[in-house]
1. Would you call Phe166 out of contact with any Ser or Thr (no Cβ under 9 Å at 6 or more places or on another chain), of a type outside the set (A, V, I, L, M), assigned by TED's automatic domain parsing to the domain that holds Met94 and part of a helix (DSSP H, G or I)?
2. For segment 195-210, which positions are part of a helix (DSSP H, G or I) and surrounded by fewer than 18 Cβ atoms within 10 Å (Cβ to Cβ)?
3. Identify, please: which residue in segment 153-178 is of a type outside the set (A, V, I, L, M, F, W, C) and within 20 Å of Tyr198 (Cα to Cα) and is, among those, surrounded by the fewest Cβ atoms within 10 Å (Cβ to Cβ)?
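The values are calculated or read from the model by the stated rules, or taken from the named source; none is laboratory data. This is a predicted model, so every value here is computed, not measured. Every residue, glycine among them, receives a Cβ derived from its backbone with ideal geometry; neighbour counts consider all protein chains shown.
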Amino acid sequence: MKRSLRYAVLVPLSVLAFYVLFVLPDVDLGWPGGLAVLVGAWVVWYLLWATWQSPAANAGEAVAAISPGEQRAWIGLMFTLAILLYFGLRAPQMVAADGGRAPEAGAIGGHIAMLVIAWLVVMQVLRQRWRDKVQADERDRAIQARATEWARSGLAIFVIALAVTFAFSPVDRLAWAKPMTLSNLLMAGLIGSCLLEYLVTGLAYWRDRH
């Protein structure tokens, strides 16, 4: 199967797997059904990752030129985006009527933990593959420094915007600012800054290769 066709099939299936596992309202499929869905999702994600890793027939040099730093950036971007999307979709369910922590917050946190664990597993596998490669050089450190500065600036802008909102908004317009809502908002800002860092890093590597 051609590489482009594999992407055309696997990318929508990967999005569907993410939706079924993390976004679709909880449906009791029993442990066989739940296990089948989980295994199917992991198979799809693995095939997508393997397709990205395998060199195309006419683009072997271009794929080989992707450094460990760039691979880390794109994988980090993918997982961070998935976490942010899921968090954004489910965050309202974490807030109880009184503004405190809702009972659903534990399950939602568990799903986020699953994504983080999957991220760590993927990175550990890749580290084994990179053990004979140079992990970082001066270019990697320069790119990382720029990306970190972008992330720090983005987080600072977010915090300043939040502070200005609270300082200049009438009290009656801040009824939404309940403890759990603020907690979710701060977490979203932190995740967003990580997303920005990975995006800037990946684009910097991509621009250097082209």
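1. Values: out of contact with any Ser or Thr (no Cβ under 9 Å at 6 or more places or on another chain): yes; of a type outside the set (A, V, I, L, M): yes; assigned by TED's automatic domain parsing to the domain that holds Met94: yes; part of a helix (DSSP H, G or I): yes.
When the stated conditions are applied, Phe166 passes them.
2. Of the residues in segment 195-210, the ones part of a helix (DSSP H, G or I) are 195-209.
Leu203, Trp206, Arg207, Asp208, Arg209, listed by residue number.
3. Step one: of segment 153-178, the residues of a type outside the set (A, V, I, L, M, F, W, C) are 153-154, 165, 169-170, 172-173, 178.
Okay, now just the ones that are also within 20 Å of Tyr198 (Cα to Cα), so 153-154.
Details: Ser153: 12, Gly154: 18.
Out of the qualifying residues, it is Ser153.
Residue-by-condition table, conditions (1) closer than 26 Å to Ala204 by Cα; (2) modelled with pLDDT under 80; (3) of a type in the set (Ser, Thr, Tyr):
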{"residue": "Leu85", "(1), (2), (3)": "yes, no, no"}
{"residue": "Gly100", "(1), (2), (3)": "no, no, no"}
{"residue": "Ala105", "(1), (2), (3)": "no, no, no"}
{"residue": "Ala113", "(1), (2), (3)": "no, no, no"}
{"residue": "Asp132", "(1), (2), (3)": "yes, yes, no"}
{"residue": "Ala136", "(1), (2), (3)": "yes, yes, no"}
{"residue": "Ala145", "(1), (2), (3)": "yes, no, no"}
{"residue": "Gly154", "(1), (2), (3)": "yes, no, no"}
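This table checks each residue for (1) among the acidic types (Asp, Glu); (2) outside any helix (DSSP H, G or I); (3) closer than 26 Å to Glu70 by Cβ.
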| position | (1), (2), (3) |
| --- | --- |
| Ala145 | no, no, yes |
| Asp172 | yes, no, no |
| Ala175 | no, yes, no |
| Ser193 | no, no, yes |
